[in-house]
Amino acid sequence: MLDKTFTYRNGFLFCEDVALSDIAALHGTPAYIYSKSAIIDRFRAYKAALKGLSHRICYSVKANSNLAILAALKAEGAGFDIVSGGELYRVLACGGDPRSVVFSGVGKTEAEIRFALEREIHSFNCESEAEVYLISRIAVELGRTAVIAIRVNPDVNAITHPYISTGLREHKFGVDIGAAERIYAAAAHLPGISVQGVSCHIGSQLLDVEPLLEAAGKALELVSRLRAQGIPIRNLDLGGGLGVPYRASERAADIETFINRLRPNVEGAGLTLTLEPGRSIVAEAGLLLTRVLLNKCNGQKTFVIVDAAMNDLIRPSLYQAHHEIVPVCQDPRADRIRADVVGPVCETGDFFARGRELPSVHPGDLLAIQTTGAYGFVLASNYNSRLRPCELLVDGTRIILARRRETYEDLIRGELSNIGTEPGA
Ligand code: LLP
């Protein structure tokens, strides 16, 4: 959505104080553009809402793991929610404190657990009984103690796209809340383990906070039952999930209202509250800048073919996600057209919008695909041997090259071409 981060000045779209057309001229397209101040503002909104509560805000690295963004959030006091050794490596690479890290994920490998224990992360969110035993064994081997929470699946229906809903019994995530007490009791006696938390995450892009509050209620009841059994739970991690408006008709879930409704119960229970926001910190701070290659009509249909594709931004293809698409240079005389905005990849599923009303565009025009700061670049691939785009962080009038565009050399790095053809093979 266009807020104060992305504004038109004399018909030209700006990110903070930089014209997107200037960025395109300097760095080419496609390019992801992020506003640093928008990211920081969103993080500060969480900090302000949580004021007075014992808390930890662990930014969910999967949403956008660019080092420049991690470093900016770290400087604001963020901790990190990770789901792989690679994400821990990124946190360390930006100077992040491993003691601010929570490690989630349904299938942690031995090597990842070892890496996390050696770096002394804050806590593991365990997603199965088998994982608790595995962590115990590795911790004993290393002579360390792993602080753990168990991720419970509260069987709450988060109203969102089925691929990003995680809190129902039929989903692979967490342990059934009904079985949790038995697993906690077993974990409490394991060597190398300190059971300190309850965690849950019921889904992503939640515009209604009621399911989150329902899940929190169930988690809090579990905390009471565990404490009654003598298991001293100190941390409650409610995951991420607050949604953002992708369409003008949608309204963001309000952080302050959400926290204020939770506050009395959490305060009363003497818990430290951890949140793992991803999308709500970075989504609206980013856009994907692309250039129109050509227009084409097939029968009744008009196609606008652009230089970005599903390999750069897969959300429309994968989740039928809606992203607003706006011109970078407004032309008040432009006719309105109805078109599919598509990329060059050889798949019918390669589209950014279907049957979308837009001002007419011409080859060379720039378009901005909005609200793509979260789950944009991180899901990009080299499909069709396309080079992944550059990422630019705008800070006032500064344009920081946060990741350079890939080259053909990057594309084949690590591959062999001489299998069986080298002399003597
Ligand atoms: N914590 C856990 C355990 C998670 O699984 C997730 C997201 C988060 C935190 C962050 O959730 P957020 O605040 O961003 O909603 N690729 C999909 C979204 C997948 C979300 C996966 N888990 C998309 O593009 O919509």
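Numbers below:
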quantity	calculated
For MET310, net neighbour charge (Lys/Arg +1, Asp/Glu -1) across residues whose Cβ lies under 14 Å away	-1
For segment 296-310, 3J(HN,Hα) per residue [Karplus equation, 6.51 cos²θ - 1.76 cosθ + 1.60, θ = phi - 60°, Hz, x = Gly/Pro]	8, 10, 10, x, 7, 9, 10, 10, 9, 9, 10, 8, 8, 8, 4
Electrostatic dipole magnitude of the chain [Cβ: Lys, Arg +1; Asp, Glu -1; Cα centre; debye, to 20]	460
For segment 222-307, projected area of the alpha-carbon convex hull averaged over all directions, nm²	9.9
For CYS15, residues with placed amide H under 5 Å, excluding near neighbours	LEU20
5 angstrom amide H check on ILE193, placed H, neighbours 5+ away	ALA146
Antiparallel DSSP beta bridges within the chain, percent to nearest 5	50
10 Å-binned pair-distance histogram of segment 105-275 (Cα, whole percent)	10, 38, 34, 16, 3, 0
Segment 330-379-segment 103-149 distance, computed between alpha-carbon centres (Å)	44
Loop sites in segment 285-389: trypsin sites (Lys or Arg not before Pro), DSSP, at most 10 other Cβ within 10 Å	ARG333
Per-residue SASA entry for CYS297, accessible area with 1.4 Å probe, Å² rounded to 10	90
Cα pair distances exceeding 38 angstrom across the chain, given as percent	27
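The values are calculated or read from the model by the stated rules, or taken from the named source; none is laboratory data. Given the structure is predicted, the values throughout are model-derived calculations rather than measurements. A quick note on method: Cβ atoms are made from the backbone with ideal geometry, for glycine too, and the neighbour counts reach across all protein chains shown. The area values use the complete protein model at the heavy-atom level, side chains included, leaving out ligands, DNA and RNA. Shrake-Rupley method; radii C 1.70, N 1.55, O 1.52, S 1.80 Å.
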